[in-house]
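A short worksheet on the structure shown next.
The values are calculated or read from the model by the stated rules, or taken from the named source; none is laboratory data. Everything numeric here is computed off the predicted structure, so don't read it as measured data. Here Cβ is always computed from backbone atoms with ideal geometry, including for glycine, and neighbour counts include all displayed protein chains. Only protein heavy atoms, including side chains, enter the accessible area calculation; ligands, DNA and RNA are left aside. Shrake-Rupley method; radii C 1.70, N 1.55, O 1.52, S 1.80 Å.
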Amino acid sequence: MSVEILTFGCRLNTYESEVIRGHAAALADTVIVNTCAVTAEAERQARQAIRRAARERPGAPIVVTGCATQIDPTAWASLPGVTRVLGNADKLRRESWMPDATSAVSDIMTARETAPHLVTEFAGRARAFVQVQQGCDHRCTFCIIPFGRGPNRSVPMGAVVAQVRALIEAGYQEVVLTGVDIASYGADLPGAPRLGQMVRRLLALVPDLPRLRLSSLDPAAIDDDIWRLLADEPRFMPHLHLSLQSGSDLVLKRMKRRHLRGDAAAAIERARRLRPGIAIGADLIAGFPTETEVLSRETSDFVADMELPFLHVFPYSERPGTPAARMPKVPVARRRERAAHLREIGRRNAQRFLAAQLGRTVHVLTESSDSGHSEHFAPVRLAAPVVPACLLRARVVGATGTHLLAEAA
Ligand code: SF4
């Protein structure tokens, strides 16, 4: 039996699992679980996967890593079947995957390195994720990530270019630049280049990269080069995903976010002015401690008024050790109701956004023989079979509440 990698959480974890796959290739019959600590649910799913692996592959070594393990290694090491635990920095070191390697969880708060490593394959995926940044220096009151990922650290420009070139040579048509807080890119590098500067140089140095997308962006930290790229660079996809979290100023202040509702509205309006028809997505937390019905309505009204189509909505989840976990709570059932309400507003917005694409020509990155995503990151179903992992011009002939129907043009 070969190495099986179970990945939970964000795109950065997906990228790192491919780094691990390269390092662990020589290992036989091993289960690797790359955990996430963003919500209690993510941890529950990882524990369930570990129990299943121990049951279904008795005797196979189980190595657990990722943010949840970095934050509480003892708890994960004590689970039945677990043979080793590795920290988030340790999991990226080749020596951690030698046959006789032992558990290692280094102090992530002093970590300096990023993933010095070229990934050339994302198993079963048509788009590639590229880590450009790691860690976070902010301390949003609900968030445990800085304690799992350490301080902000940027991947030097040359390494990003080399990684993207390797992916293009491997046949990838689209890359998503990812990290924990990519808007902080460069703050730790000589000359402190901003994210937009890096992206502009990357596109100049890799002219054969057809499509570039950014992962979640802090609306308060979008730099001028990003705005310029949005306005005049066709390879920069017309889709921004914003880390909004709430539409209520009082809640945003209690979250210790760097933006207020007005800043987010201004960023969304500016993006729509610079790139008409752009798709805007957002991360949102429903039921943050102290969020009253009135404050919750401020968020749902904001999402409705700004017509945000692509939402990632999470009911608030207490993270041990975070300030928000000590604040007065909103009942769990109420959090879930508010999350469902936000998703419903998002669904209606998405339906209108998708309907507006009718009759247009879109550019689809195909992900299977009958589906893919457009440049706006709209899901697309194709009328006739296509070759996966290719760029296809297609005419939109229909739209449902969840996807576009299109024919090759
Ligand atoms: S910016 Fe805030 S939410 Fe994002 S990783 Fe940092 S602390 Fe967490």
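Structure data summary
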quantity	calculated
Surface accessible to a 1.4 Å probe, Asp305 within the full protein complex, Å²	110
Top of Gln48, Gln245, Gln133 by mean-square fluctuation, Gaussian network on the chain, Cα under 10 Å	Gln48
Amide hydrogen neighbours beyond the local backbone of Leu311, cut-off 5 Å, H modeled	Ala282
Accessible-area composition of the chain, carbon plus sulfur, in percent [1.4 Å probe]	55
Computed label-point distance, nm, for sites Arg273 and Asp188 using a 7 Å Cα→Cβ extension	3.5
Compactness of the chain - radius of gyration and Dmax, Cα, Å	21.3, 59
Full-extension gain in nm, Leu118 to Thr361, via 0.36 nm per residue minus C-alpha separation	84.0 nm
Where only C-alpha atoms are counted, convex hull volume of the range 112-237 per residue in Å³	114
For Ala279, residues with placed amide H under 5 Å, excluding near neighbours	His239, Leu240
Helix-derived mean residue ellipticity, 222 nm - over the chain, DSSP H n ≥ 4, -39500 (n - 2.57), to 500	-10000 deg cm²/dmol
Estimated FRET transfer efficiency when R0 is 41 angstrom, pair Arg326-Leu391 (beta carbons, to 0.05)	0.25
Tail beyond 16 Å, pair distance distribution of the range 311-352 (Cα, percent)	47
Over the range 361-408: Kirkwood hydrodynamic radius from C-alpha pairwise inverse distances, Å	9.9
Solitary cysteines of the chain, where the nearest other Cys Cβ is not under 4.7 Å	Cys10, Cys36, Cys67, Cys136, Cys390
Accessible area (Å², per residue) of the range 156-250, counting only protein heavy atoms and a probe of 1.4 Å	33
For the range 287-304, Karplus couplings with θ = phi - 60° (6.51, -1.76, 1.60), whole Hz, Gly/Pro x	x, 4, x, 6, 6, 7, 4, 5, 5, 5, 5, 4, 6, 5, 5, 4, 5, 5
Radius 14 Å from Cβ of Met98, net charge of other residues (Lys, Arg +1; Asp, Glu -1)	+1
Accessible area of Val31 in the full protein assembly, 1.4 Å probe (Å², nearest 10)	0
Residues with amide H under 5 Å from that of Asp223, placed H, sequence gap 5 or more	Gly196
Phi to ³J(HN,Hα) by Karplus 6.51 cos²θ - 1.76 cosθ + 1.60 over the range 215-227, Hz, x for Gly, Pro	7, 3, 10, 6, x, 8, 10, 7, 8, 4, 5, 5, 4
Extension gain, Val294 back to Glu4 (0.36 nm per residue minus Cα-Cα distance, nm)	99.7 nm
